[in-house]
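In what follows, a single structure is set out as structure tokens and then discussed.
The values are calculated or read from the model by the stated rules, or taken from the named source; none is laboratory data. Remember, predicted model here, so these are calculated numbers, not experimental data. Because the Cβ atoms are built from the backbone with ideal geometry, glycine has one as well, and the counts that use them run over all protein chains shown. Ligands, DNA and RNA are excluded from the accessible area calculation, which covers all protein heavy atoms including side chains. Shrake-Rupley method; radii C 1.70, N 1.55, O 1.52, S 1.80 Å.
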Amino acid sequence: MMGKSTGFMQYRRDLPEDRSPLERIKDWNEFHKQFPEEKLKEQGARCMDCGIPFCHTGIRLPEKSPTASGCPINNLIPEWNDLVYRGLYKEAYDRLNKTNNFPEFTGRVCPAPCEGACVLSISEPSVTIKQIEVSIIDKAWEEGWVSTAPPTKRTGKNVSVVGSGPAGLSCAAQLNKVGHLVTVYERADRIGGLLMYGIPNMKLDKAIVQRRIDTMSKEGINFVVNTEVGKDISAKDLLRKSDALVLCGGATKPRDLPIEGRNLDGIHFGMEFLQANTKSFLDSNHEDGNYISAKSKNVVVIGGGDTGTDCVATSMRHGCKTITQFEILERPPDNRSIQNPWPQHPLIYKLDYGQEEASAKFGDDPRVYLINTARFVGNENNHVCELHTVQIEWTVGPDGKAFPKTIEGTEKVWSADLVLLAMGFLGPEATVIKQLNVTTDERSNAKACEDKYITNVPGVFAAGDIRRGQSLVVWAFREGRGAAREVDRYLMGSTNLP
């Protein structure tokens, strides 16, 4: 029985206020504030003691559904909600730690599919699960409950992990926990992959990432930076020296826009823009100038997902002159549509943090919907200066598939000094996959069975975006943990890992 069985009727959903948009665009600090404990207790009390909680299920919905439902790593959400209500934070952390290696990351950057599946959200705003999660782990760090815990016994088995992003880190953490000797290879100069260089500092402070990596190093995990597997060391050589090899390189091949004028200067992939910005910020607080600056420029971001939002927010902090974001899809509805019922993640209109900042500065949401870029135009210096666009409508063809149809007479010209392409990713880079002769699926991903993670090559496993394609950070954590379980089973004949 939950401690406050009527809490969902007594308390409304509430969140701490963020720093104001016009204030926070002046720096690169995190913008979320913390709740006082009394407020957190109230929010924990809203958890309903529902008969069948869907929040932690992580179930896969029918193929036509736009998303899965609930927490992919099966966090024990009702349990730690109740413990927070009771003020038992240490016990809440213990429960959270059973399923999540890095709640300080998911609590900051996960879009919270758990909240979309909350039973309370059928009729009321959901429980503030994400806020409670990050509050638990932040308190755990403050109180010293997150301790260094190297394994008491080593198995003598060597496992190499390629890529230090979310999947690679969670895989390494689990394998190290059961005593395997784990080495993680990263081609960048810092460990963390997407967590370090793909997500801006104001969304996920890099000191928080580094703190966890330092803890993992003390627990015995070996991190190797500035080493690109497939180039600096061959994938086959690495396999020969390892008892198992886990590919966690992500889906880093960006979707391009091969239209007229694409070769002009001033057109960059969004991730190129974000990675260079964060590296320069960490190296020199931007004093080295080794980044693509949006200062005093008319910026156009093409793509409406998380990468696009991060490009908007980064451009705002550079001091862009104007910011516009193109989205080829239609504006989401204000409320769930009948095609998007509970317990799916709600696909509804919202101002994310970047759009909120642009709206505060320039007076309106920067997004333009149902728009397609037809060509880029350059000036005498071969630098982009204009985008020519058309409006589109989505039409269903004879094969039943939707396609964008141009609306005649909707041509428009936009000024642009900097164009950022943030239209998603096509799949993994092929070098390591080809060197190992790993079979790929129709989307060029490393082919490995769901929940087994082993490829066609004995001893080679694949997890995260390199296996499933571009997805959420929390799915990468699930895959990394699952791959570790199967590697342990492969090496030892059985496993106690979840």
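What are the residues whose amide H is under 5 Å from the amide H of residue 326, where those residues sit 5 or more places off or on another chain and H is modelled from the backbone?
The list, which skips near neighbours in sequence, is 301, 302, 303, 368.
Measuring from centroid to centroid over Cα atoms, what is the spacing of the range 42-111 and the range 349-398 in Å?
Their Cα centres are 36 Å away from one another.
Return the Rg/Rh ratio of the range 157-214 with Cα-based radii and a Kirkwood Rh.
On the way: Rg = 11.7 Å, Rh = 11.8 Å.
Reported Rg/Rh, Kirkwood definition of Rh: 1.00.
What are the ³J(HN,Hα) values, in whole Hz, obtained from phi via the Karplus relation 6.51 cos²θ - 1.76 cosθ + 1.60 with θ = phi - 60°, for each residue of the range 137-142 in sequence order, with x given for Gly and Pro?
Listing the rounded values in order: 6, 5, 5, 4, 5, 4 Hz.
Could you check the spin-label model distance between residue 388 and residue 334? Points 7 Å from the Cα along Cα→Cβ, value in nm.
3.8 nm
At a 1.4 Å probe radius, carbon and sulfur cover how many percent of the accessible area of the chain?
Working: 10960 of 22280 Å².
Heavy-atom surface of the chain belonging to carbon and sulfur, 1.4 Å probe: 49 percent.
In debye, nearest 20: dipole of the range 184-237 around its Cα centre with unit charges on the Cβ of K, R (+) and D, E (-)?
Numbers: 9 positive and 8 negative charges, 38 e Å.
It comes to approximately 180 debye.
Just add up the charged neighbours of residue 303: K/R +1, D/E -1, any other residue whose Cβ is under 10 Å from the Cβ of residue 303. Before the final figure, lay out each step's value.
Numbers: positive: 255; negative: 306, 327.
Neighbourhood net charge equals -1.
Please name which of 444, 432, 461 has its Cα lying farthest along the dipole of the range 371-498 towards the positive end, using unit charges on Cβ (Lys, Arg +1; Asp, Glu -1) and the Cα centre as origin.
Positive-end residue among those listed: 461.
Residue by residue, what Karplus-based ³J(HN,Hα) values in Hz, rounded to whole numbers, does the range 452-465 have, using 6.51, -1.76 and 1.60 with θ = phi - 60° and x for Gly and Pro?
These are the phi-based 3J(HN,Hα) values: 10, 6, 8, 8, 6, 9, x, x, 10, 10, 9, 8, x, 5 Hz.
Work out how much length residue 97 to residue 494 would gain on full extension: take 0.36 nm times their residue separation and subtract the Cα-Cα distance, in nm to one decimal. Could you put the intermediate results ahead of the total?
On the way: separation 397, 0.36 × 397 = 142.92 nm, distance 2.28 nm.
So the chain would gain 140.6 nm between residue 97 and residue 494.
Using the Cα centre as the reference, give the magnitude of the dipole from point charges on the C-beta atoms of the chain (Lys, Arg: +1; Asp, Glu: -1; all else neutral), rounded to the nearest 20 debye. Please report the intermediate quantities before stating the final value.
Working: 61 positive and 64 negative charges, 269 e Å.
Value, rounded to 20: 1300 debye.
Taking C-beta distances below 4.7 angstrom as the pairing criterion, name the unpartnered cysteines of the chain, in sequence order.
If one checks each Cβ against the other cysteines of the chain, 47, 50, 110, 118, 171, 248, 311, 320, 385, 449 turn up with nothing under 4.7 Å.
How large is the convex hull of the C-alpha atoms of the range 68-206 per residue, in Å³? Don't skip to the answer; put the middle values down first.
Details: hull volume 18.4 nm³, N = 139.
Output value, Cα hull per residue: 132 Å³.
Expressed in nm to one decimal, what extension gain is obtained for the pair residue 231 and residue 155 from 0.36 nm per residue of sequence separation less their Cα-Cα distance?
Numbers: separation 76, 0.36 × 76 = 27.36 nm, distance 2.97 nm.
Length difference between fully extended and current span is 24.4 nm.
Starting from the Cα-Cα distance between residue 19 and residue 52, subtract it from 0.36 nm times their residue separation and give me the gain in nm to one decimal. Provide the component values of the computation, followed by the final result.
Values: separation 33, 0.36 × 33 = 11.88 nm, distance 3.65 nm.
Separation in residues times 0.36 nm, less the Cα-Cα distance, equals 8.2 nm.
Going toward the positive end of the dipole of the chain, with +1 on Lys and Arg Cβ and -1 on Asp and Glu Cβ, which of 324, 185, 421 do you reach last?
185
What are the residues whose amide H is under 5 Å from the amide H of residue 253, where those residues sit 5 or more places off or on another chain and H is modelled from the backbone?
Those lying under 5 Å, H to H, from residue 253 are 426, 427, 429.
From the phi of every residue in the range 322-338, what ³J(HN,Hα) in whole Hz does the Karplus formula 6.51 cos²θ - 1.76 cosθ + 1.60 yield, where θ is phi - 60° and glycine or proline is x?
9, 9, 9, 10, 8, 10, 6, 7, 7, 4, x, x, 6, 10, 3, 8, 5
State which entries of 253/405; 98/206; 206/241; 203/253 exceed 30 angstrom in Cα-Cα distance in the structure shown. Don't skip to the end; give the middle numbers.
Details: 253/405 27 Å; 98/206 24 Å; 206/241 32 Å; 203/253 23 Å.
From 253/405; 98/206; 206/241; 203/253, over 30 Å: 206/241.
Tell me the trypsin sites (Lys or Arg not before Pro) within the range 141-206 that lie in a loop according to DSSP and have at most 11 other beta-carbon atoms within 10 Å. It would help to have the intermediate numbers written out before the result.
Working: sites: 153, 154, 157, 177, 187, 190, 203, 206; in loops: 153, 154, 157, 187, 190, 203.
Those satisfying the criteria are 153.
I want to verify the translational diffusion coefficient of the range 283-371 in µm²/s; compute it with Stokes-Einstein, Rh as the Kirkwood radius over Cα pairs, at 20 °C and 1.002 mPa s. List each step's numbers first, then the result.
Details: Rh = 14.3 Å.
In µm²/s, the coefficient rounds to 150.
Ignoring GluC sites (Glu not before Pro) that are buried or in helix or strand per DSSP, and keeping those with at most 10 other beta carbon atoms within 10 Å, what is the longest stretch of the chain between them? Don't skip to the answer; put the middle values down first.
Values: sites that count: 17, 63, 287, 380, 408, 442, 450.
Longest stretch, sites excluded: 64-286.
I need the P(r) histogram for the range 1-153: all alpha carbon pairs, bin width 5 Å from 0 out to the longest distance, whole percents.
Percent of pairs per bin, in order: 2, 9, 18, 21, 20, 14, 9, 5, 2, 0, 0.
Between the range 406-452 and the range 157-203, how many Å separate their Cα centres?
Answer, in whole Å: 23.
Mind checking the range 269-365 for chymotrypsin sites (Phe, Trp or Tyr not before Pro) that DSSP puts in a loop (not H, G, I, E or B) and that have at most 13 other Cβ atoms within 10 Å? Please report the intermediate quantities before stating the final value.
Numbers: sites: 269, 273, 281, 291, 326, 349, 353, 362; in loops: 291, 349.
Sites meeting the loop and neighbour criteria: 349.
Amide H to amide H under 5 Å from residue 223: which residues, 5+ apart in sequence or cross-chain, H placed 1.01 Å off N in plane?
It is 184, by chain and number.
Provide the per residue accessible area, probe 1.4 Å, for the chain, rounded to a whole number of square angstrom.
Numbers: 22280 Å² over 498 residues.
Averaged over the residues of the chain, the accessible area is 45 Å².
I want to make sure I understand the PRE zone here: with the label point 7 angstrom from the Cα of residue 375 toward its beta carbon, which residues in the range 397-429 have backbone N atoms less than 20 Å away?
Within reach of a label on residue 375: 405-420.
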